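Peer 1: Following this message is one structure expressed as structure tokens.
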Amino acid sequence: MKTTKILTAALVLTTALLLSACTNVEKLVDSGNYEQAIAYSVKKLRGKNKKKQKHVLALEKAFNKANQRDVRRMEVLKKRGSSEDWEEVYQLVQNIDRRQRLVEPLLPVIDREGYRAEFKFVKVANLENESRNQLAVTLYLDVQLLLTISQRVRPRGLPPAQQNRALPERLPRYGLPARSGAPDRDDSDPLQNGQFRQSGSVAPPVSGGSLGLRSG
């Protein structure tokens with residue numbers, strides 16, 4: 001009997017949580033959990049002819065806010081321009097691309113009352129190329145800096161024999177060959193070529209301009 005009561009209580013709690021999740025997609029959006037709101041809304045809208053307005057509105061709001069957040073973050077990172085910044089830009093571009101691929105098959109998204117959601121898509125192709133190229137360049141500039149002041153700057157925990165390989169080994173993560181993106185100039189003394197700020201962070205030229213948007 002006691003076991004039955006425990007199982008019944010667990011079932012009631014689980015059902016309550018599921019019902020809460022079903023009715024609180026708006027709260028997911030308002031609390032900034034955009035990815036969860038997008039995934040949940042897409043699941044509810046996929047294959048449905050009569051789409052509920054709350055799911056359409058939640059998807060529209062979460063999608064646009066998530067893309068806007070990531071675009072703003074990328075603009076900040078691009079201005080700073082270190083290899084760590086470009087690495088984060090690359091990851092943000094991948095996040096945007098995955099998000100857009102999730103929503104695009106549903107277009108147009110129209111609820112049963114006739115409301116048509118508007119989605120602001122980001123043109124990711126140029127951003128992906130730019131971030132990969134800039135990441136390759138800044139990683140190599142970091143290597144040159146390590147070679148120049150290797151006694152002061154070395155990856156923590158690595159023996160001296162490995163310190164010069166630490167940054168190049170990050171390149172294959174982004175589909176970059178071992179020598180891809182290396183600067184076509186002599187950077188044997190990067191402290192003299194104006195590529196580094198006094199703090200030691202890399203400040204390469206940033207190409208590409210503003211981020212392109214298109215409506216869906």
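Rule-based calculations on the coordinates, nothing more; no lab input. Note that the structure is a prediction, hence the values are computed from the model and not measured. Here the Cβ positions follow ideal geometry from the backbone for every residue, glycine too, while neighbour counts run over all protein chains shown.
Peer 1: Sorted from fewest to most neighbouring beta carbons within 10 Å, what does the list Tyr40, Tyr115 look like?
Peer 2: Neighbour counts put them in this order, fewest first: Tyr115, Tyr40.
Peer 1: Quick one: which residues, 5+ away or cross-chain, put their amide H under 5 Å from the amide H of Val122? H built at 1.01 Å from N.
Peer 2: Those qualifying (amide H under 5 Å, at least 5 residues apart or on another chain) are Arg214.
Peer 1: Using a 10 Å cut-off on Cβ atoms, rank the peptides 137-149, 71-83 from the highest mean neighbour count down.
Peer 2: Sorting 137-149, 71-83 by mean packing, highest first, produces 137-149, 71-83.
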